[in-house]
Amino acid sequence: MAPRCWRWWHWSTWRRTRPPLPGSTPSFRQRFSTQEQPPQICVVGSGPAGFYTAQHLLKHHPQAHVDIYEKQLVPFGLVRFGVAPDHPEVKNVINTFTQTARSARCAFRGNVVVGRDVAVPELRAAYHAVVLSYGAEDHRALEIPGEELPGVFSARAFVGWYNGLPENRELAPDLSCDTAVILGQGNVALDVARILLTPPEHLEKTDITEAALGVLRQSRVKTVWIVGRRGPLQVAFTIKELREMIQLPGTRPILDPADFLGLQDRIKDVPRPRKRLTELLLRTATEKPGTEDAARQAPASRAWGLRFFRSPQQVLPSPDGRRAAGIRLAVTRLEGVGEAARAVPTGDTEDLPCGLVLSSVGYKSRPIDPSVPFDPKLGVIPNMEGRVVDVPGLYCSGWVKRGPTGVIATTMTDSFLTGQMLLQDLKAGLLPPGPRPGYAAIEALLSSRGVQPVSFSDWEKLDAEEVSRGKGAGKPREKLLDPQEMLGLLGR
Ligand SMILES: Cc1cc2nc3c(=O)[nH]c(=O)nc-3n(C[C@H](O)[C@H](O)[C@H](O)COP(=O)(O)OP(=O)(O)OC[C@H]3O[C@@H](n4cnc5c(N)ncnc54)[C@H](O)[C@@H]3O)c2cc1C
Ligand SMILES: NC(=O)c1ccc[n+]([C@@H]2O[C@H](COP(=O)([O-])OP(=O)(O)OC[C@H]3O[C@@H](n4cnc5c(N)ncnc54)[C@H](OP(=O)(O)O)[C@@H]3O)[C@@H](O)[C@H]2O)c1
């Protein structure tokens with residue numbers, strides 16, 4: 001649908017459904033503009049999408065007020081609970097988010113689960129516009145037999161565990177096995193493989209939780225297989241992350257040169273980033289390591305390998321049926337070429353013994369409220385450049401808008417675009433007219449429901465506590481894991 005039609009639809013819907021207006025016939029602009037009152041906007045989710053949307057709105061509208069609702073007691077979404085602890089530079093975006101949160105026209109409302117503590121229609125009644133930026137909190141299930149066995153974890157839960165996500169703090173994965181298998185070949189799979197294989201002393205100065213570090217110190221995992229259903233030309237990870245794996249201290253790569261036969265000719269025409277990535281894979285698989293790499297790999301006691309053309313079919317139980325003891329993989333071949341090639345089973349299978357299976361086949365958004373359209377197949381809120389289809393005044397940004405792929409920079413671009421669309425609609429008089437109570441109305445509702453929101457200055461107190469707890473061990477912070485303890489520290 002072209003933006004023109006969409007606007008017309010928006011306008012005509014409002015014209016039909018608006019409450020009667022007092023006084024004589026005001027102009028279109030007077031009727032539908034909220035310019036007399038600073039626009040009250042609410043954003044749901046305080047990850048990169050929420051913060052970048054808020055940043056855009058505050059920067060480009062000098063009066064707009066933005067409330068950011070967040071279910072956790074702490075802000076920043078996957079920047080805190082997803083980004084690997086050994087990638088501290090990525091977390092520098094927190095400085096920009098903090099500046100946004102400290103703006104006099106922005107407020108963080110943590111500890112509020114939208115869809116449970118407050119409904120989206122209630123937010124829509126209180127604000128001129130609502131932006132849903134609540135990410136993709138679930139993992140995609142493999143839907144194979146044995147997935148529920150102890151010893152099988154989603155990468156999402158494993159990442160949440162080492163990064164201090166409260167709901168995963170009890171995960172305690174058993175790392176007493178020799179071999180782990182990671183299903184999926186994206187950047188999350190490489191994060192998980194790297195954390196499993198990095199010598200624990202190299203993680204001691206990061207913000208990994210002390211509990212996770214303790215388990216990793218006891219780990220007996222020696223080999224990690226990273227399994228893809230397609231081939232080397234279709235891996236989803238990127239070159240920087242692959243290079244880190246190749247250079248990981250105390251480990252050596254295992255790649256089968258047979259997987260790379262004929263690839264040299266085929267990479268000539270692929271886009272440059274894919275070409276460079278495949279060349280690195282090819283060199284690692286087929287050439288002798290250089291002096292430096294050889295010296296590092298010679299004494300290596302741990303290994304990681306990429307296994308291609310294998311699709312998970314069944315998690316195999318131990319003889320007593322109590323836990324995972326291996327994985328049955330369907331051997332595949334490709335139909336089609338390039339990025340779009342599809343993996344189809346050949347009919348052969350291969351069993352790979354292992355004591356730990358980590359499924360890293362992607363994240364998934366959930367529907368938030370029955371009043372909000374949701375596409376269960378794509379796992380996104382149907383939208384046109386961030387405008388939620390058929391719901392005037394409702395917008396979305398980030399992973400819930402475009403699906404669970406893309407780095408923080410991609411999320412920034414799409415969140416700015418959503419902010420731009422919202423401001424265009426505001427200027428065009430397409431948002432609800434008249435004053436809106438904003439947080440005052442929601443605060444009363446939350447209080448009547450016994451919900452205790454936390455503010456950004458509350459977070460700054462928790463932040464100071466975490467930094468102070470980390471100091472003794474030379475860590476940037478020791479994350480607080482227990483919401484009750486956090487509330488206690490805030491005197492609640
Ligand atoms: C494991 C992992 C590692 C990554 N590492 C990198 C990296 O190194 N570099 C990089 O550039 N990108 C990385 N990414 C990608 C990056 O994290 C995403 O692009 C980005 O976080 C998406 O932003 P978002 O705001 O849409 O979602 P999120 O970051 O998930 O934020 C969503 C927020 O909404 C909140 N929320 C959810 N439901 C509700 C509700 N009902 N009510 C209120 N609040 C709610 C959540 O608690 C969360 O705070 C990584 C992703 C993952 C999964
Ligand atoms: N350092 C970083 O910058 C960093 C770190 C972590 C995450 N991220 C970003 O976060 C996003 C999410 O990462 P992700 O790794 O979760 O997702 P991803 O990049 O989409 O990778 C998912 C992987 O799972 C595979 N897969 C999906 N369904 C499968 C199935 N049913 N059976 C077998 N394999 C299946 C995919 O293979 P197919 O291709 O065959 O579908 C792919 O290899 C990505 O954009 C990533 O770049 C970035």
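The values are calculated or read from the model by the stated rules, or taken from the named source; none is laboratory data. None of these values were measured; they are calculated from a predicted model. Neighbour counts are summed over all protein chains in view; Cβ atoms, including those assigned to glycine, are modelled from backbone coordinates with ideal geometry.
Of the residues 331, 361, which single one is outside any strand (DSSP E or B) and in contact with a Lys or Arg (Cβ under 8 Å, 6 or more places away or on another chain)? Give the steps one after another, and end with the answer.
On the way: 331 fails: outside any strand (DSSP E or B).
Exactly one of 331, 361 is outside any strand (DSSP E or B) and in contact with a Lys or Arg (Cβ under 8 Å, 6 or more places away or on another chain), namely 361.
Do we have any residue at all in the range 221-232 that's more than 11 Å from ligand 2 (Cβ to nearest atom), touching a residue at least 24 places away in the same chain (Cβ under 8 Å) and among the small types (Gly, Ala, Ser)?
No, that holds for no residue.
Being within 11 Å of ligand 2 (Cβ to nearest atom) and either within 26 Å of residue 337 (Cβ to Cβ) or among the small types (Gly, Ala, Ser) (or both) is the filter here; which residues of the range 241-253 pass it?
Answer for the range 241-253, where residues must be within 11 Å of ligand 2 (Cβ to nearest atom) and either within 26 Å of residue 337 (Cβ to Cβ) or among the small types (Gly, Ala, Ser) (or both): 241, 242.
Out of 69, 127, I need the residue that is in contact with a Leu (Cβ under 9 Å, 6 or more places away or on another chain), aromatic (Phe, Trp, Tyr) and either more than 16 Å from ligand 2 (Cβ to nearest atom) or more than 28 Å from residue 387 (Cβ to Cβ) (or both). Which one? It would help to see each step written out before you state the result.
Numbers: 127 fails: in contact with a Leu (Cβ under 9 Å, 6 or more places away or on another chain).
When all the criteria are applied, what remains is 69.
Out of everything in the range 209-244 that is under 29 Å from residue 469 (Cα atoms) and in contact with a Lys or Arg (Cβ under 8 Å, 6 or more places away or on another chain), what residue ends up being surrounded by the fewest Cβ atoms within 10 Å (Cβ to Cβ)? Step through it out loud before you land on a result.
Residues of the range 209-244 under 29 Å from residue 469 (Cα atoms): 209-220.
Among the residues that remain, those that are also in contact with a Lys or Arg (Cβ under 8 Å, 6 or more places away or on another chain) are: 209, 211.
Numbers: 209: 22, 211: 17.
Filtering first and then ranking leaves 211.
Between residues in the range 180-199 that are at positive phi and small (Gly, Ala, Ser) and residues that are within 13 Å of ligand 1 (Cβ to nearest atom) and at pLDDT 95 or above, which pairs lie under 6 Å by C-beta distance while being six or more apart or on different chains?
184/360; 184/361
Can you tell me which residue among 115, 47, 135, 110 is away from ligand 2 (no atom under 16 Å from the Cβ), under 23 Å from residue 462 (Cβ atoms) and not aliphatic (A, V, I, L, M)?
Only one candidate qualifies: 110.
Would you please name the residue that is surrounded by the most Cβ atoms within 10 Å (Cβ to Cβ), looking only at residues in the range 93-120 that are within 11 Å of ligand 1 (Cβ to nearest atom) and in a helix (DSSP H, G or I)?
Here the answer is 97.
Under the condition of being within 16 Å of ligand 1 (Cβ to nearest atom) and among the aliphatic types (A, V, I, L, M), which residue from the range 335-391 is surrounded by the most Cβ atoms within 10 Å (Cβ to Cβ)?
358
Among the residues of the range 159-177, count how many are surrounded by fewer than 19 Cβ atoms within 10 Å (Cβ to Cβ) and either closer than 14 Å to residue 193 by Cα or hydrophobic (A, V, I, L, M, F, W, C) (or both).
Qualifying residue count for the region: 3.
Go through (1) within 16 Å of ligand 1 (Cβ to nearest atom); (2) out of contact with any Gly (no Cβ under 6 Å at 6 or more places or on another chain) for residue 395 and report which single condition fails.
All conditions pass for residue 395, except number (2).
Conditions (1) more than 22 Å from the chain's Cα centre (by Cα); (2) within 14 Å of ligand 2 (Cβ to nearest atom); (3) farther than 19 Å from residue 303 by Cα, marked per residue:
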{"site": "141", "(1), (2), (3)": "no, yes, yes"}
{"site": "173", "(1), (2), (3)": "no, no, yes"}
{"site": "180", "(1), (2), (3)": "yes, no, no"}
{"site": "187", "(1), (2), (3)": "no, yes, no"}
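Name the residues in the range 142-172 that are part of a loop (DSSP other than H, G, I, E, B), within 16 Å of ligand 1 (Cβ to nearest atom) and out of contact with any Gly (no Cβ under 8 Å at 6 or more places or on another chain), would you?
Matches in the range 142-172: 164, 165, 169.
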